[in-house]
1. Could you please tell me which pairs satisfy a Cβ distance under 6 Å, a separation of 6+ or placement on different chains, a first residue in the stretch 450-471 that is more than 16 Å from Ala422 (Cβ to Cβ), and a second residue that is assigned to a loop (DSSP other than H, G, I, E, B)?
2. Please specify each residue of the stretch 491-510 satisfying the condition of being among the aliphatic types (A, V, I, L, M) and within 16 Å of Ala446 (Cβ to Cβ).
3. Test Ala178 against the stated conditions and say whether it is buried (at least 21 other Cβ atoms within 10 Å of the Cβ), within 17 Å of Leu58 (Cα to Cα) and either modelled with pLDDT of 95 or more or outside the structural domain of Glu197 (by TED's automatic domain parsing) (or both).
4. Would you say Ala144 is among the aliphatic types (A, V, I, L, M) and in contact with a Ser or Thr (Cβ under 6 Å, 6 or more places away or on another chain)?
5. Could you please give the count of residues in the stretch 396-440 that are surrounded by 19 or more Cβ atoms within 10 Å (Cβ to Cβ), at pLDDT 90 or above and either outside any strand (DSSP E or B) or not β-branched (Val, Ile, Thr) (or both)?
6. Take Ala307 and tell me if it is assigned to a loop (DSSP other than H, G, I, E, B), at pLDDT 95 or above and not assigned by TED's automatic domain parsing to the domain that holds Thr83.
7. Given the conditions (1) in contact with a strand residue (DSSP E or B) (Cβ under 9 Å, 6 or more places away or on another chain); (2) within 22 Å of Pro93 (Cβ to Cβ); (3) not in a loop (DSSP other than H, G, I, E, B), and given that Gln132 satisfies all but one, which numbered condition is not satisfied?
8. Being in a strand (DSSP E or B) and at negative phi is the requirement here; does Glu51 meet it?
Amino acid sequence: MTNPQHNESSEAGDVAAGHVRIFDTTLRDGEQTPGFSMDRRAKLRMAQMLEALGVDVLEAGFPAASPDDFAAVAQIAGLLKTTTACALARCVPGDIDGAGRALENAQRSRIHVFLSTSPLHREHKLGMSRQQVLDAAVAGVERAVRLAHEVEFSAEDAMRTEPEFLAEVFSAAAAAGATTLNAPDTVGYLTPAEIAERFAYLIANVKRGRRVVFSSHCHNDLGLAVANSLAAVGAGARQVECTINGIGERAGNAALEEIVMAMKVRGAWFGTDTRIDTRKLYPASRLLAELTGQPVPRNKAIVGANAFAHESGIHQHGMLKHRGTYEIMRPEDVGIAETKLVLGKHSGRAALRQRLEALGHEIDEAALDEIFARFKTLADQKREIHDDDLDALARGRDPDAAGPWRMTRLDTSAHLAAGASASVKLVHEDGREVAEAALGDGPVDAVLRALERATGTTLEVTRFEIRAVGEGADAQGEARLTTRSAARDWHGHGVSTDIVEAAAQAALAIVNRIARHAADHTATPVTKSKQLGTTA
């Protein structure tokens, strides 16, 4: 892409209209965090969900980090239709050129260049003077402007930078062509009052400050990321950088769902809006949890299981009188279905589809056939099927877990004071049938050992969780499994009324992911370099 044209007037119009851009960095700042890594297929699924959610800018990754990161950014950039595709780059020529190549097929592209500016970083990280930092920032922006539709400049550790020097760097970056200026609280240090004061200062003192969009990127080290982001908006920032479920480095980033709903619920106070379809917040949160194997805490604001739950008798009494007594937003506004329509074995496909769509699942005919068959099986085991059951059925159909192996038989036996045994029979897509048995400390351990022997895959378990889906003795069990292989984490998910079978499904999903990854990558995957600095 050569000399793309900037559209400063439309950006200024966004600011005047009070529109706050949502810059999602789930797939960059969030995904680079230990425990939240995703393979390329998972990133593509999440990118599609984020575009459907309505994020303005999607930071797809850091192309210079690894060949796989570069490929993921390139694929996502070619996939997005309405959302700007963004790639991160240090203010060095190789990074910027690589970001430009990764974004070549984007309908709307942004290169996000960053450079540390604080005294601490200048001395101990960069070994650069003020003038050298200023020169590098200008050179980086000028190079990026030639390779993308728009350029964002971030001053890493901005909130511990001298305000007058930060304004000088931002002024130079804007003059060089940056149309978004990001002032991150990289270590989550400031308070909301300080953040508001700093953004007001920058907007007043940065040259061309009225012609650029100021952006906030707050970390959560002191639990203030969302509050600080909203304070920045109140002071005039018109872009917020955030992640689904607040994932990110250390204690995480500002949570997208909390920022968006705060502006929606308190719209009269903020006088701003976003283009987020809030009804997709809960599905987006659940998808991220599924892809990363990291469950959402029950008390998580907006999307946690307890966010709209009322157990206290006093609260329940108030809710029965008027829902506004204890709820400031409606669950359906964030994609949580309020109506508890109970389905059973006599329910048909149309009712099932309607309920799944109400829960936020987009189901095609092939998927509906598969889910309907499992729904009927479950209905024979349970008298009533509730929303939690349906949600688990839909999540249990994981297209990314499809692979060469299919399990056709599973038998387990527990022996008092003598461990357990398991036998499995698998069919490979090439026609092979493999049957193996193994002993273990318990039924789940025995199943994992049998699957290892059958597939030749080592399953080094680092995390295993079982939870009940719904209520009652006949509730389904949802298993989440994380294993370590080839220097990366692999996640699996399974749902069944038998918790051992759910664990087996989760393990087989991991086996298939590893097999498919090996087929896609003939060479050893390159891991991300820990020496590459990252913004915010």
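1. Between residues of the stretch 450-471 that are more than 16 Å from Ala422 (Cβ to Cβ) and residues that are assigned to a loop (DSSP other than H, G, I, E, B), the close pairs are Ala468/Ala475; Val469/Ala475; Gly470/His386.
2. Pass one, the stretch 491-510, residues among the aliphatic types (A, V, I, L, M): 495, 499-500, 502-504, 506-510.
If the condition is that a residue be among the aliphatic types (A, V, I, L, M) and within 16 Å of Ala446 (Cβ to Cβ), then Ile499, Val500, Ala502, Ala503, Ala504, Ala506, Ala507, Leu508 are the ones that fit.
3. Values: buried (at least 21 other Cβ atoms within 10 Å of the Cβ): yes; within 17 Å of Leu58 (Cα to Cα): no; either modelled with pLDDT of 95 or more or outside the structural domain of Glu197 (by TED's automatic domain parsing) (or both): yes.
The answer is no for Ala178.
4. Values: among the aliphatic types (A, V, I, L, M): yes; in contact with a Ser or Thr (Cβ under 6 Å, 6 or more places away or on another chain): no.
Spelling it out, it is not the case that Ala144 is among the aliphatic types (A, V, I, L, M) and in contact with a Ser or Thr (Cβ under 6 Å, 6 or more places away or on another chain).
5. Counting residues in the stretch 396-440 that are surrounded by 19 or more Cβ atoms within 10 Å (Cβ to Cβ), at pLDDT 90 or above and either outside any strand (DSSP E or B) or not β-branched (Val, Ile, Thr) (or both) gives 7.
6. It is false that Ala307 is assigned to a loop (DSSP other than H, G, I, E, B), at pLDDT 95 or above and not assigned by TED's automatic domain parsing to the domain that holds Thr83.
7. (1)
8. So Glu51 does not fit the description; no.
The values are calculated or read from the model by the stated rules, or taken from the named source; none is laboratory data. From a predicted model like this one, the values you see are computed outputs, not experimental measurements. Note that we place each Cβ from the backbone using ideal geometry, even for glycine, and neighbour counts take in every protein chain shown.
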